[in-house]
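What follows is a set of notes on a single structure, which appears directly below.
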Amino acid sequence: MQSHSDRNPCVPLKEADGPLHSYIPDFTDSLANRGYSKACIAYKFCLVRAFDQWMRQHQIKMEGFTETRIQEFIRHRAKRYSKQRGDAATLRSLLKHLQEADVVSYLQPKMSALDHLQLRFAHHLKEQRGLRPKSVRQYLFHTRRFLVERFADGPLSLSELNAQDIVRCILRQARVVSPHAARCMAKALRSLLRFLQQNGEIATDLAARVPSVANWSLSGLPKYLSPRQVKLVLRKSNHDDPIVRRDRVILLLLARLGLRAAEIVRMTLDDIDWEAGELTIHGKGGHRDKLPLPKDVGQSLAKYLKQLRPSCACRRVFIRSVAPHEGFSDSAAVDIVVQRALRRAGIDAPTRGAHLFRHSLATQMLRNGASMSEIAKILRHQSESSTAIYAKVDLSALRSIAQPWPGGAA
């Protein structure tokens, strides 16, 4: 006859403790500190207890707690009970918790030849080229895509690379990605091919055969919202819903100060100087700038921090609305905020990223009479040439210098 604990996976088994038993209370305490509800913690506790018993039954010691064991347990559990979507993530969180506490060692998974190459290339980019971590990740992403497409499941025979492989890859990518992304891929491939030649892994200078991708400076027009549309987006985001209210503060920072998405993500409580009415912005290239905090932005920000921001140890200003209560992982979270706001306002924008508001601010400043140098200062461009594209939307100035059409009226 099936016991009650067998029928209900959320009832801990009444058996001897497994290798994880003594570490479970500390883990559940950490879940409470990260904002999980009591019901959620209770379920995760039962899941971890079940995993602990499974490890005991299979005679798996603490040092055997790995990602592979998690996958084995999830398959075992799925056969007996209805599988919950976050079960594997919970056990990975436990594994990370024990690794950070030095209870379990960080075991490196078996690395392929491509993994080893990328590890060496990453070290070269950081130590020899001095690239920042974000740039290193981009280079690794583009070069891995190229090598995976070229060699598929076969061996990594770098000596077989030739100019045709390089050209085909760039042409294929140029058809499906933006010119900027295609240029980034070409730059990453040149760097990889130089690295391989320097190490004697390829004999010819294939870096010189990487084709250039045309992306003429100032060839496009900035995509922006009209002042009426910006006001509509902000008005439609003035709801009682806590998430919408948080999103409105983000939208105000984008619309009033022209911040980049990454600058919103990196903003911490220590960056707000309430007495001076200033914000410290962590911009591109490690630059730090101070910007005045407009009254409406400051009031909305203060209300968010006092009434809506979840209590947590994280110092980031903007926190995930659901557990775990941590800062946004990357800029994509801010882009999602913008996309939701545009849908609420019923606006079919030319682009749907956070930069849309930055372009909108610059365009409106220019039409209100601001100079290029003033706009460059607000947007914190390191070079005024980055601001030159906004001259294309100053129709009044363009009309004053436009030449009459041949044969038309003067």
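Got a sec? Charge dipole of the chain, +1 on Cβ for Lys and Arg, -1 for Asp and Glu; which of 179, 359, 151 is way out at the positive end?
Going by the Cα projections, it comes out as 359.
To the nearest 20 Debye, how big is the dipole of the chain about its Cα centre, given +1 on the beta carbon of each Lys and Arg and -1 on that of each Asp and Glu?
Computed about the Cα centre, the dipole is about 1160 debye.
Determine, for 62, 365, the number of other Cβ atoms within 10 Å of each Cβ, and report the residues in order from fewest to most.
The most exposed by this proxy come first: 62, 365.
At a 10 Å Cβ-Cβ cut-off, how would you order 287, 58, 97, 359, fewest neighbours first?
287, 58, 97, 359
Report the residues of the range 180-217 in range of a label on residue 156: point 7 Å along Cα→C-beta, backbone N strictly under 18 Å from it.
188-203
Among 337, 265, 104, whose mean-square fluctuation peaks in a Gaussian network model of the chain (Cα, cutoff 10 Å)?
Among 337, 265, 104, the largest mean-square fluctuation in the Gaussian network model of the chain belongs to 104.
Going by the alpha-carbon gyration tensor, a ≥ b ≥ c the square roots of its eigenvalues, is the range 227-379 rounded (a/c under 1.5) or, if a/c is not under 1.5, prolate (a/b greater than b/c) versus oblate?
The shape class here is oblate.
Write down the Å³ per residue value for the convex hull defined by the alpha carbon atoms of the range 113-209.
Cα-based convex hull of the range 113-209, divided per residue, equals 95 Å³.
How high is the FRET efficiency between residue 66 and residue 228 when r is their beta carbon distance and R₀ equals 56 Å, given to the nearest 0.05?
Working from the Cβ atoms, E equals 0.50.
Of the residues 378, 250, 319, which exhibits the maximal mean-square fluctuation in a Gaussian network model of the chain defined by a 10 Å Cα contact cut-off?
So, out of 378, 250, 319, the one fluctuating most is 378.
Roughly how big is the range 20-166's charge dipole about its Cα centre, with Cβ charges of +1 (Lys, Arg) and -1 (Asp, Glu), in debye to the nearest 20?
Computed about the Cα centre, the dipole is about 520 debye.
Please report how many Lys pairs in the range 120-258 have alpha carbons closer than 18 angstrom, counting only residues at least 8 apart along the chain or sitting on separate chains.
4
Calculate, for residue 76 and residue 116, the FRET efficiency according to 1/(1 + (r/R0)^6) with r their C-beta to C-beta distance and R0 35 Å; round to the nearest 0.05.
Efficiency for this residue pair is about 0.60.
When ranked by the protection proxy of mean other Cβ atoms within 10 Å per residue, highest first, what sequence do the peptides 290-302, 272-284 form?
Packing proxy ranking, top to bottom: 290-302, 272-284.
Just name one of 131, 99, 291: the one whose Cα is farthest towards the positive end of the charge dipole of the chain (beta-carbon charges, Lys/Arg +1, Asp/Glu -1).
The Cα lying farthest towards the positive end belongs to 291.
Quote to one decimal, in nm, the extra length available between residue 371 and residue 296 on full extension: 0.36 nm per residue of separation minus the C-alpha distance between them.
Fully extending the segment from residue 371 to residue 296 adds 24.5 nm.
Which stretch or stretches of the range 27-44 have amide N atoms under 18 Å from the point lying 7 Å from residue 89's Cα along the Cα→Cβ direction?
Residues passing the 18 Å test: 28, 30-44.
With each label point set 7 Å from Cα along the Cα-Cβ vector, what nm distance links residue 274 and residue 289?
Between residue 274 and residue 289, the label points sit 2.6 nm apart.
Give me the extension gain from residue 332 to residue 141: residue separation times 0.36 nm, minus the current Cα-Cα distance, reported in nm with one decimal.
Taking 0.36 nm per residue and subtracting the Cα distance, the gain is 67.1 nm.
Go ahead and set up a Gaussian network model of the chain, Cα springs under 10 Å, then flag whichever of 79, 236, 61 fluctuates most.
Comparing 79, 236, 61 in a Gaussian network model of the chain, the most mobile one is 79.
If you take log10 I(q)/I(0) by the Debye sum over Cα atoms at q = 0.06, 0.11, 0.12 Å⁻¹ from the coordinates, which of [x] -0.38, -1.12, -1.21; [y] -0.45, -0.91, -1.03; [z] -0.41, -0.97, -1.07 do you get?
Matching the structure shown: [x].
Fewest Cβ neighbours within 10 Å first, please rank 129, 288 accordingly.
Arranged by neighbour count, lowest to highest, 129, 288 become 288, 129.
Positive end of the charge dipole of the chain (Lys, Arg +1 and Asp, Glu -1 on Cβ, about the Cα centre): tell me which of 341, 113, 229 has its Cα farthest that way.
So the residue we want is 229.
Charges at C-beta only: +1 for Lys and Arg, -1 for Asp and Glu. How large is the resulting dipole of the range 308-377 about its Cα centre, in Debye rounded to 20?
180
For residue 32 and residue 214, FRET efficiency with R0 = 56 Å and r from the beta-carbon atoms, rounded to 0.05?
For residue 214 and residue 32, the calculated efficiency is 0.50.
None of the figures in this text is laboratory data; all of them are computed from the coordinates on show. Note that the structure is predicted; figures quoted are calculated from it, not measured. So basically every Cβ, Gly included, is an ideal-geometry build from the backbone, and we count neighbours across all protein chains shown.
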